[in-house]
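The values are calculated or read from the model by the stated rules, or taken from the named source; none is laboratory data. Remember, predicted model here, so these are calculated numbers, not experimental data. Glycine also receives a Cβ, built like all others from the backbone with ideal geometry; neighbour counts cover every protein chain displayed.
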Amino acid sequence: MEKIKREKMMKKITGLVITTILVVFLLAGCGNTNSTGGTDISGSVATDGSTSMEKVIGALGEAFTAENPNVNFTYNPTGSGSGITAVSERRCDIGLSSRALKDEEKALGLTETVIAYDGIAIIVNSGNPVTSLSLEDIAKIYTGEITNWSKVGGDDAEIVLIGREAGSGTRDGFEAITGTKDVCQYRQELTSTGDVITTVSQNPNAIGYASLASVGDSVKAISVDGVTPSENTVKDGSYVVQRPFVLVTRTNDNLSFAAQTFFDYITSAEVSEIISNAGAVAIK
Amino acid sequence: MIKKHNQKQLIETLIHGIFLIFGLVAVGCVLLITVYLVISGIPAIREIGLFEFLFGTKWASTADNPSFGILPFILTSIYGTAGAIILGVPIGFFTAVYLAKAASPKIKAVIEPVVGLLAGIPSVVYGLVGMLVLVPVIRVIFNVPDGTSLLAAIIVLAIMILPSIIKVSVSAMEAVPKEYEDASLALGATPVETCFRVVVPAAKSGIAAAVVLGVGRAIGEAMAVMMVAGNVANMPSLFESVRFLTTAVASEMSYSSGLQRQALFSIALVLFLFIMLINASLNLLLKRSKEK
């Protein structure tokens, strides 16, 4: 009895040892391919800033680290203002801002590089006869000055204002462009682009805003000041409800090698597909 | 022999220890959450001021001049839960009475699993159906510009709490000894009288427990409510867009920072205290009714 038990035990132990050896070899093999992989760069790239750029920068960072696995890429979603401060205080390599730099910020020795544009579509229900609004009317509608569609050429019905939650980048962008920060009289504050689109498609009197790339056929994106939102009108600047996605760097400092490679990569034409997939309008 | 005995003893202690650890994990989680919530919830309340925080009527967390008053959320959560109980408890209670005492076995065999299924539906599905069906219906029936409202949330919550109320009440009533009923019937009471005068009073504490469960589920629900309530920090009113304590935390958490984020933790702390309070007071009620 004892003998059989011991033999079994031995078998188990041998198995375990063999497995361990195999695993060690496997891991060692991985390490080898990594270190002899050739093109890779090591180091870290720290980005900090706009929460609206989360998707774009996240996708870019992922694509970059997939090619350069030894680079430690970080993104700290703090908001455009904090990102600009962080880069000027040397707390990160590249600052991310979803607005153009102000002149006083440029005077601090910062340079902006636009990588993409984000168009915000103003959407209404497909059954709504209104097809165009001026930026001023949109602002009046959202501040509660205009409450009925008949005032802007629609049916006699109360306008239902759909917006995003406080802190959302799209809301921030929309309110900044229309000059309605903190005064919008929302009827609904939803937490995702998809929710906004669904709600607007459900309610004939609703108006909402959503990232241009996500708007499909279920709702109607209206023209603003006579310009239809599209990738081209966003790119040439004629569609005004848009904002740039900006990389902020220190003018007089060189980026680290890793950060420079990342910068070159995300400003190259090859990432335009990644940017469009992430919902923004690529510039190249 | 002695050696073997010792070995057995050792295994016993060992297993005892393992089970103890598993048990402590659950307790530890509760403690950890409590401590964490208190620690992260206090700073914002200190900064804003307790009175200002609890009784302020304006919530504008990202404004240039932010204000953090959560009275609208507190009242909405209370009204919403109360509404769901008012709508849901009678329906749940009578369904339970029917299932426990009146339904034929065939019908019961169909309805009980269906009720069970209702409990298994994820809350996001309730929210989706509410958003796509209930909200437009409310808009048309009540002729309001938008259907997202406290009413929509109450209806969704009432449906969501039905399964727990029905299931717990049914098992409470089925646990009432058959002799009670037989005695009542023998004394000349009708079946309906027997049911409501004998079975229901005997199952009182179980039914109260069902209501506790319902309250707990209703006040803690976030996802479904978020999709039908509109989430604007208005003072509660039946056809207005409202924000609950749960949805206040859930909707702003993802992009929040600084004092806003701390204030969200404070809201979570308030919600936590609410649930503790409700559970404790209803448990006390249960105990009292049992002692009587």
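Selection of segment A:64-109 for residues being closer than 15 Å to A:SER256 by Cα and surrounded by fewer than 15 Cβ atoms within 10 Å (Cβ to Cβ) yields A:ASN70, A:ASN72, A:THR74, A:ARG90, A:ARG91.
Scanning segment B:275-285 for any residue that is surrounded by fewer than 22 Cβ atoms within 10 Å (Cβ to Cβ), within 14 Å of chain A (Cβ to nearest Cβ) and polar (S, T, N, Q) turns up nothing. For residues in segment A:164-190 being of a type in the set (Ser, Thr, Tyr) and either surrounded by fewer than 22 Cβ atoms within 10 Å (Cβ to Cβ) or more than 9 Å from chain B (Cβ to nearest Cβ) (or both), which is nearest to B:MET131 (Cα to Cα)? The selected residue is A:THR170. When segment B:250-274 is filtered for residues that are surrounded by fewer than 22 Cβ atoms within 10 Å (Cβ to Cβ) and within 14 Å of chain A (Cβ to nearest Cβ), the ones remaining, listed by number, are B:ALA250, B:MET253, B:SER254, B:SER256, B:SER257, B:GLY258, B:LEU259, B:GLN260, B:ARG261, B:GLN262. B:VAL198 falls short on exactly one of the conditions (1) out of contact with any Phe, Trp or Tyr (no Cβ under 6 Å at 6 or more places or on another chain); (2) farther than 30 Å from B:ALA222 by Cβ, and that condition is (1).
Table: residues versus (1) within 10 Å of another protein chain (Cβ to nearest Cβ); (2) within 30 Å of A:THR251 (Cβ to Cβ); (3) out of contact with any Lys or Arg (no Cβ under 9 Å at 6 or more places or on another chain).
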site	(1), (2), (3)
A:THR131	no, no, no
A:LYS151	no, no, no
A:ILE162	yes, no, no
A:SER192	yes, no, no
A:VAL196	no, no, no
A:THR199	yes, no, yes
A:SER214	no, no, yes
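In segment A:5-16 there is no residue matching the filter, namely being over 26 Å from the mean Cα position of the chain (by Cα), more than 30 Å from A:GLU175 (Cβ to Cβ), in a helix (DSSP H, G or I) and at pLDDT below 55. Name the single residue that is farthest from A:GLN202 (Cα to Cα) among those in segment B:111-123 being surrounded by 12 or more Cβ atoms within 10 Å (Cβ to Cβ) and of a type in the set (A, V, I, L, M). Here the answer is B:ILE111. Go through the residues of segment B:63-75 one by one and say whether even a single one is in contact (Cβ under 8 Å) with a residue 60 or more places away in the chain, over 26 Å from B:ILE278 (Cα atoms) and either out of contact with any Ser or Thr (no Cβ under 8 Å at 6 or more places or on another chain) or surrounded by fewer than 18 Cβ atoms within 10 Å (Cβ to Cβ) (or both). For segment B:63-75, residues in contact (Cβ under 8 Å) with a residue 60 or more places away in the chain, over 26 Å from B:ILE278 (Cα atoms) and either out of contact with any Ser or Thr (no Cβ under 8 Å at 6 or more places or on another chain) or surrounded by fewer than 18 Cβ atoms within 10 Å (Cβ to Cβ) (or both): present.
For (1) surrounded by 23 or more Cβ atoms within 10 Å (Cβ to Cβ); (2) farther than 29 Å from B:ALA280 by Cα, each residue gets a yes or a no:
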{"position": "B:SER171", "(1), (2)": "no, no"}
{"position": "B:VAL198", "(1), (2)": "no, no"}
{"position": "B:VAL212", "(1), (2)": "no, no"}
{"position": "B:ALA224", "(1), (2)": "yes, no"}
{"position": "B:PHE239", "(1), (2)": "no, yes"}
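The residues of segment B:206-246 that are part of a helix (DSSP H, G or I) and within 16 Å of A:VAL196 (Cβ to Cβ), listed by number, are B:MET226, B:MET227, B:VAL228.
Scanning segment B:37-71 for residues that are closer than 14 Å to B:ARG243 by Cα and more than 13 Å from chain A (Cβ to nearest Cβ) yields a total of 4. Of the residues in segment A:233-252, not one is within 14 Å of another protein chain (Cβ to nearest Cβ) and not in a strand (DSSP E or B).
Would segment B:25-43 turn up any residue that is closer than 30 Å to B:PHE196 by Cα, under 26 Å from the mean Cα position of the chain (by Cα) and in a helix (DSSP H, G or I)? Looking through segment B:25-43, none of the residues is closer than 30 Å to B:PHE196 by Cα, under 26 Å from the mean Cα position of the chain (by Cα) and in a helix (DSSP H, G or I). Looking only at residues in segment B:183-205 that are more than 17 Å from B:ALA100 (Cβ to Cβ) and assigned to a helix (DSSP H, G or I), the one that is farthest from the chain's Cα centre (by Cα) is B:ALA186. If the condition is being among the aliphatic types (A, V, I, L, M) and modelled with pLDDT under 90, then segment B:239-289 contributes B:ALA250, B:MET253, B:LEU259, B:ILE275, B:MET276, B:LEU277, B:ILE278, B:ALA280, B:LEU282, B:LEU284, B:LEU285, B:LEU286. When segment A:201-212 is limited to residues that are at the interface with chain B (Cβ under 7 Å from one of its Cβ atoms) and surrounded by fewer than 23 Cβ atoms within 10 Å (Cβ to Cβ), the one that is farthest from the chain's Cα centre (by Cα) turns out to be A:ASN205.
Close contacts from segment A:196-225, counting a first residue that is under 17 Å from B:GLY147 (Cβ atoms) and a second that is charged (D, E, K, R), with Cβ to Cβ under 7 Å and a gap of 6+ residues or different chains, come to A:VAL196/A:ARG164; A:ASN203/B:ARG139; A:ASN203/B:ASP146; A:ASN205/A:GLU158.
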